[in-house]
Amino acid sequence: MRQSFDAYVRRPGDADGMARREKAIAIALATSERSRQDTLDNLDELIQLADTAGAEVVDQVIQPRATPDRATWMGKGKAEHVKAVADELGADLILADDDLTPAQGRNLEALIGKPVVDRSGLILDIFARRARTREARTQVELAQLKYLLPRLTRAWTHLERQQGGIGMRGPGETQLETDRRIIRTRIRQLEEDLEHIDRRRETRRKGREEHFKVALVGYTNVGKSTLLNRLTGADVMVEDRLFATLDSTVRRLTLEDGTDVLLTDTVGFIRKLPHHLVASFRSTLREAAEADLLLHVVDISHPHMEAQMRAVRGVLQDLGVAETPTLHVFNKVDLMEDPAVLRQALGHEPAILVSATEGLRLEDLLRRVSQSRELGERRVVLCLPWQCQDLTPRLRAMMRVVDQRAVEEGALYLLSMPSASAEDLLRPFLEKGCFLQEKW
Ligand SMILES: Nc1nc2c(ncn2[C@@H]2O[C@H](COP(=O)(O)OP(=O)(O)OP(=O)(O)O)[C@@H](O)[C@H]2O)c(=O)[nH]1
Ligand SMILES: [Mg+2]
């Protein structure tokens, strides 16, 4: 099934195989909204993304323009210039360092006569290559199809043939309508699959409710997986590439005082992360969203450290977790050369400097996690089934009740308690048949 839809997703070369690297021309607009430096930094990143996707950028074009053109994104004259350059250099595709509307993409393709891939399209493509588990594959395919749907054009007619052709088309339907219908059906199917996966994930999560949860978040390639491996002895794949990790991994981490917390590693963020992708990965990212403490990992040796931090905060805001207590973990101090950066980093309170590969100051990091666990308050939702109502006075005496309401199974309590003692406080209730719930 997947195969048939792959025909729609452009793949610039094959990063993992020996296929010829496709040649690309990267284009950015220097608009009045962005500083020149921002434009250059973004373009650098686009080139790195292209490389990750297996394409080689053979030329770069920056067009100064107050605002993007509504119909063609870049100016028509400049597009003709790009066409000439692309023909001369034998480029296979054009990369645009912004997200184009479906119409802009189509118009630009017509002007230049080559496939045009925008930033979202490129990121989606990289995710598609890297997705290994069923969950990640389903999430990526869903994001790709949602991205594709408004971009389908009459010229793309493979679907019907691949789906069996005769009898596929509804009465009076054009080819385009048929294609759209097939894709919508597939989208619904993928959404259903994700719901199943979600429910299974939910069950797994149930068993972890009473633990203090810590999540590693941060820009792609900053060293999150390396930290997880180093701290917990896990063996998550680590690579000097963008988007090495697409799934979340949860591992138990034993602190100095012998208590266990759960540490989650998850997908890295990037500037202009396609929103379809964030939506599709919401369940994977939920592990991070439900953490009691976020470790925002930053690559202190990266020249665009601050811009990367801003991008991460933006995604955290989208996920609704901007309020979760956060410790900034400045990683790769072994590579840091400029002492001024150090002062800058320490300006982000609270902060800690580490090196995951060199094992520098990791005990310090663990100590900070311990402190946060001890000092922090946790909110939990506990259900007291009707047959356990005799426990109510004890519950009220031992914990602070923030809110309560009746549900079908019993009485639901929103409780607040010190993180460090949560397990001890809850245990007697859980042993008597009370249970924790995900949401209030
Ligand atoms: N020099 C140095 N390199 C490091 C350090 N920590 C990680 N790296 C390297 O940085 C690269 C990326 O590491 P990962 O752990 O895969 O990064 P990640 O944040 O999980 O990346 P994604 O999964 O792509 O989001 C690898 O080549 C690591 O070896 C460090 O403290 N010092
Ligand atoms: Mg990783």
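A short reminder: the numbers here are calculations on the coordinates, not readings from a lab. Remember, predicted model here, so these are calculated numbers, not experimental data. In this analysis, Cβ positions are derived from the backbone assuming ideal geometry, glycine residues included, and neighbour counts consider all displayed protein chains.
Helix 305-318 and the longest principal axis of the C-alpha atoms of the chain enclose an angle of approximately 70°. Which residue, 391, 273, 100, has the most motion in a Gaussian network model of the chain that connects Cα atoms within less than 10 Å? Of 391, 273, 100, the Gaussian network model singles out 391 as fluctuating most.
Comparing mean-square fluctuations of 143, 84, 406 from a GNM of the chain with C-alpha springs under 10 Å, the top value falls on 406. If we count every other residue with Cβ under 12 angstrom of residue 369's Cβ, Lys/Arg +1 and Asp/Glu -1, where does the sum land? The answer is -3. Count Lys and Arg as plus one, Asp and Glu as minus one, and take only other residues whose Cβ is under 12 Å from that of residue 257; the net charge is then -1.
For residue 56, the residues whose amide H sits under 5 Å from its own are 22, 23, 24, ignoring neighbours fewer than 5 places away on the same chain, with H placed 1.01 Å from N.
Where the alpha-carbon atoms of region 207-375 are placed on the principal axes, they occupy 44, 40, 30 Å, in descending order. Quick one: angle between helix 134-148 and the longest Cα principal axis of the chain, in degrees between 0 and 90, rounded to 10, please. Value to nearest ten degrees: 40.
Distances between placed amide hydrogens fall under 5 Å for residue 212 paired with 262, all partners being 5 or more residues away or on another chain.
Among residues other than residue 288 with Cβ under 10 Å from its Cβ, the summed charge is -1 (Lys and Arg +1, Asp and Glu -1). Counted over region 207-375, the DSSP beta bridges are approximately 25% antiparallel. Each part reduced to its alpha carbon centroid, region 310-388 and region 85-124 end up 39 Å apart. Dipole orientation for the chain: of the candidates 243, 143, 319, 143 has the Cα lying most toward the positive pole (charges on Cβ; Lys, Arg +1; Asp, Glu -1). Once both labels are positioned 7 Å from their Cα atoms along Cα-to-Cβ, the gap between residue 408 and residue 390 label points is 2.7 nm. Structure remark: mean-square fluctuation, Gaussian network model of the chain, C-alpha springs under 10 Å; the largest value among 53, 103, 24 belongs to 103. The lysines whose alpha-carbon is closer than 29 Å to the alpha-carbon of residue 76, local same-chain residues fewer than 8 away aside, are 23, 114, 146, 272. For region 425-438, backbone phi angles converted through the Karplus equation (6.51, -1.76, 1.60; θ = phi - 60°) give residue-by-residue couplings of 5, 7, 3, x, 6, 5, 5, 8, x, 6, 9, 8, 10, 5 Hz, Gly and Pro being listed as x.
The alpha carbons of region 375-431 stretch over 34, 20, 16 Å along the principal axes, in descending order. For region 287-440, the Cβ-based charge dipole about the Cα centre amounts to some 500 debye (Lys, Arg positive; Asp, Glu negative; other atoms uncharged). In this structure the amide hydrogen of residue 69, modeled in the peptide plane, comes within under 5 Å of the amide hydrogens of 74, none closer than 5 places in sequence on its chain. Taking every DSSP beta bridge that has both ends in the chain, the antiparallel portion is near 40%. Round to the nearest 10 and give me the degree value, 0 to 90, for the angle of helix 119-130's Cα axis relative to the longest principal axis of the chain. Tilt of helix 119-130: around 70 degrees.
The spacing between region 403-417 and region 231-263, judged by their C-alpha centroids, is 33 Å.
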